Amino acid sequence: MFDDLEPQKKSTNSIVLGADLSTFSVEDIDELIEKLNHEIERLKEERGQKTSSLDAAQAFFKS
């Protein structure tokens, strides 16, 4: 009945660039940093795959 009166913990599940960080605890910030680092690695891997595909396509059409 009073569940809606309980303060809600700020979720770091969704990453919003430029979000207001003033409501985040130190633990929330650490968790967000970890998630962002993981996302950066995922992006680098995807970029590498796309670059390889692009290079292969360019090499094919140059010959």
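Could you list all residues from region 37-63 that are part of a helix (DSSP H, G or I) and among the small types (Gly, Ala, Ser)?
Passing the criteria: Gly48, Ser52, Ser53, Ala56, Ala57, Ala59.
If a residue has to be farther than 30 Å from Leu21 by Cβ and of a type outside the set (S, T, N, Q) to count, how many in region 33-63 make the cut?
Of the residues in region 33-63, 10 are farther than 30 Å from Leu21 by Cβ and of a type outside the set (S, T, N, Q).
With respect to Asp30, determine if the residue is assigned to a helix (DSSP H, G or I), surrounded by 10 or more Cβ atoms within 10 Å (Cβ to Cβ) and modelled with pLDDT under 95.
Considered against the rule, which asks whether it is assigned to a helix (DSSP H, G or I), surrounded by 10 or more Cβ atoms within 10 Å (Cβ to Cβ) and modelled with pLDDT under 95, Asp30 comes out as no.
Every residue, every condition in (1) within 14 Å of the chain's Cα centre (by Cα); (2) of a type in the set (A, V, I, L, M, F, W, C); (3) modelled with pLDDT of 95 or more, yes or no:
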{"residue": "Lys10", "(1), (2), (3)": "no, no, no"}
{"residue": "Ala19", "(1), (2), (3)": "yes, yes, no"}
{"residue": "Glu34", "(1), (2), (3)": "yes, no, yes"}
{"residue": "Glu41", "(1), (2), (3)": "yes, no, yes"}
{"residue": "Leu54", "(1), (2), (3)": "no, yes, no"}
{"residue": "Phe60", "(1), (2), (3)": "no, yes, no"}
{"residue": "Ser63", "(1), (2), (3)": "no, no, no"}
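Mind listing whichever residues of region 23-55 are among the charged types (D, E, K, R) and within 16 Å of Asn13 (Cβ to Cβ)?
Once the filter is applied, which keeps residues that are among the charged types (D, E, K, R) and within 16 Å of Asn13 (Cβ to Cβ), region 23-55 yields Glu27, Asp28, Asp30, Glu31, Glu34, Lys35, Glu39, Arg42.
The values are calculated or read from the model by the stated rules, or taken from the named source; none is laboratory data. Just so it is clear, the structure is predicted and the values come from calculations on it, not from any experiment. Virtual Cβ from ideal backbone geometry, glycine too; neighbours counted across all protein chains shown.
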